[in-house]
1. Tell me the GluC sites (Glu not before Pro) within the stretch 32-127 that lie in a loop according to DSSP and have at most 12 other beta-carbon atoms within 10 Å.
2. Rolling a 1.4 Å sphere over the protein heavy atoms, what is the accessible area per residue of the stretch 84-229, to the nearest Å²?
3. Shape verdict for the stretch 144-253, please, from the Cα gyration tensor: rounded (a/c under 1.5), prolate (a/b greater than b/c) or oblate.
4. Calculate how steeply helix 2-26 sits against the longest principal axis of the alpha-carbon atoms of the chain, using the helix alpha-carbon long axis, and give the answer as 0 to 90 degrees to the nearest 10.
5. Between [x] 78, 78, 48; [y] 83, 74, 45; [z] 109, 60, 52, which matches Cα extents along the principal axes in Å calculated for the structure shown?
6. Suppose R0 equals 25 Å. What FRET efficiency, 1/(1 + (r/R0)^6) with r the Cβ-Cβ distance, do residue 152 and residue 249 give to the nearest 0.05?
7. Calculate the dipole size of the stretch 521-680 relative to its Cα centre from +1 charges on Lys and Arg beta carbons and -1 charges on Asp and Glu beta carbons; express the result in debye to the nearest 20.
8. Using 0.36 nm times the number of residues separating residue 206 and residue 360, minus their current alpha carbon distance, what extension gain do you get?
Amino acid sequence: MIVRSWCTICLAVLCVASARAAANENKVKPGEFVIDHPTLINLGFEWLIEGDDNRNAQVEVSYRKQGETEWKHGLPLLRLQGERIYQNQGVFDVVSPNMFAGSILDLEPDTAYEARFVMSDPDGFVGQNGKTVTKTVTVRTRPEPKPYAGGRVFHVYPPDYKGTKIEPAFDAVMCAYNYYCGGGDTVTAGRPRVKAGDMILVHAGLYKYHPEYYTGDRTINATTPVEGTYYLTASGTPDKPIVIKGAGDGEVIFDGNGNFNLFNVKAANYNYFEGVTIRNTDIGIWAGTQFIAGSKGLTVKKCRFENVNLGVFTNYSGSSDFYIADNYFIGRDDPNHLIGWIGNFWAKFDGVDGQKFPPKLASYTAVRLYGPGHVVAYNYVANFHDGIDIETYGNPDGSHAIDGPHYPPREYWDRRPVAIDYYNNYMTNFHDNAFEIDGSMHNVRVMRNMMLNSASQPFCNQPAIGGPIYWIRNIAYHAPGGSIRMTNGAPGVLFYNNTILTETNAGSSANVHWRNNLMLGENSAPAIFSVNTNTNYSSSDYNGFRLNPGAAYSFQWNSPPWNVPADYSGMLAASPGRGGAGGNSTLTARRFATLAEYTRETHQDQHSVAVDYDIFVNVPRLDAQDVEKVQKLYKAEDFDFRLKAGSAAIDKGVVLPNITDAFTGRAPDLGALELGQTPPHYGPRP
């Protein structure tokens, strides 16, 4: 009896201790608060924590201009907790920290804001009383880069110019940029003349050289021998960039004459290009090389890129704070036919109208970047393999897919690809994706873009490695390969108020969320909405779906068993190489023929509705299986993506602070365009 009594007492003590330990693990302990690189219109934040094993802590966000009294609501920060991204062969193995992250959106440039974050947890906080902890910070958005008004001005004229020149005048850009210029051995003896704040005004004409000739004649070559490259090595500052700008007296054309790289700024920070044409070269502006060198603060505005393989390119993790806006990027790919780079479907077009399959990689990407703080906005991009990308890169610096650690230590955080904005771009005709955010981490914002004619998925997350990745108010039309590429457990991706006019298949995801989207198919797959997610805290609601008539199933929601919060084991065992989805073989497969059945069984999309193409003013349904029409390239101006008054998508959304603030009816509308509001401007501004 005594032994039993002691056993009973011991068991009771152990149970109490275990309960207390569990309670402590559910309590939250706030850690470091991080402010990401500010961009012109968005601010990103991260708040590390310990505890909160039951995931019921949250962080509410509000903000105001400095000096104002009224607070506005922002989206709550996204909870991240150990989501794993894995691709075998040492490509990726990243584990998200225990943290919150999120952005305040659509602010004014060069403006100070107060941002308030209130963390709460019903279980309380470790080491302190109370149910909330508040953090308030003041952050200033970046100004748009501009030339410095007080700098020196150098004028450059083409070699054949015969008119009056404004002094100081030079006959080549490198002669103004450096104290010495030429085309032979001594070209490397030139040292920069320009200083921070200086401007080179380039006058109208053609600047085209022949680096294949060894000469001191600057009419033949005023760049480097053999390469024909402008190596820019002087640095400006954020307030005083070094500027190369068209003088405004006619088109300025820098023609690479078929060379590999025309402008190289890897060793120069805060260089600025405006109002020039860059053409006939493989890499227009090369700004960085992985693990070697790269520039910061590059600005490219109101320029035109033609006949290039890569327009602007850096994959150096130390590159940061680029501003690329109001440019035209015209690639070398077939401007008359849509064709994919892989798959039997596209192989049938080999030889048709002179086409080749697989198509040559004549134009890889218009803009391809890595590092924090970049802004790519209001550009026109056409005829590339990909449109605008974040470099896939692999595990971020300081981490290692095989040897670990699986998230960068604090001293490497300035090299992470975070706080990146892609907005208001007009994108058309891609072998693969309009946008790739592959390899990006936190607070990446892809907003208000027009995406037309992508052979593969225009929304590419292959994979995202953290989150949040915001896809907000984008329009995607004619994507016969489907809308969304998600692989290798891509976590933290948020789809809010998009108009997606093709089927959605999230191949491998975690902590992924859909709200207020329109999803109407193009017959690229039977199901309109298929999700494979490694977490049961992924969610979807307040969307509009058009089911494909006659489909065996219309919805698929594959996740771990309902009582398991997350399971990555099948993904780790089955992760394929680059081309695969990295699916999880341990997920429970669930397929549903109707919206009602899907909603009832999964508890997803409880407030979602059925819609059809008649909700739009003028948007015809396309058929991805129509071989006669699938290669056609469409233009946005031929359609009207606005909603009809009284249609099934009106007032069917949910309020999303900072996104739907200006809705006009009883509730926000579904899709990218709110009824009664002026549609966004896509592409270069007048």
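1. Values: sites: 32, 46, 50, 60, 68, 70, 83, 114; in loops: 68, 70, 83.
Sites meeting the loop and neighbour criteria: 68, 70.
2. Working: 6840 Å² over 146 residues.
Per residue, the stretch 84-229 has 47 Å² of solvent-accessible surface.
3. Details: a/c = 2.02, a/b = 1.34, b/c = 1.51.
Oblate, because a/c is 1.5 or more while a/b does not exceed b/c.
4. 30
5. Only one listed value fits the structure, namely [z].
6. Working: r = 20 Å, r/R0 = 0.79.
For R0 = 25 Å, the calculated efficiency reads 0.80.
7. Values: 13 positive and 18 negative charges, 56 e Å.
For this selection, approximately 260 debye.
8. Values: separation 154, 0.36 × 154 = 55.44 nm, distance 2.88 nm.
The residue 206-residue 360 span can extend by a further 52.6 nm.
The values are calculated or read from the model by the stated rules, or taken from the named source; none is laboratory data. Just so you know, these numbers come straight off a predicted model, no measurement behind them. In this analysis, Cβ positions are derived from the backbone assuming ideal geometry, glycine residues included, and neighbour counts consider all displayed protein chains. Note: accessible area is taken over every heavy atom of the protein model, side chains too, but ligands, DNA and RNA are not part of it. Shrake-Rupley method; radii C 1.70, N 1.55, O 1.52, S 1.80 Å.
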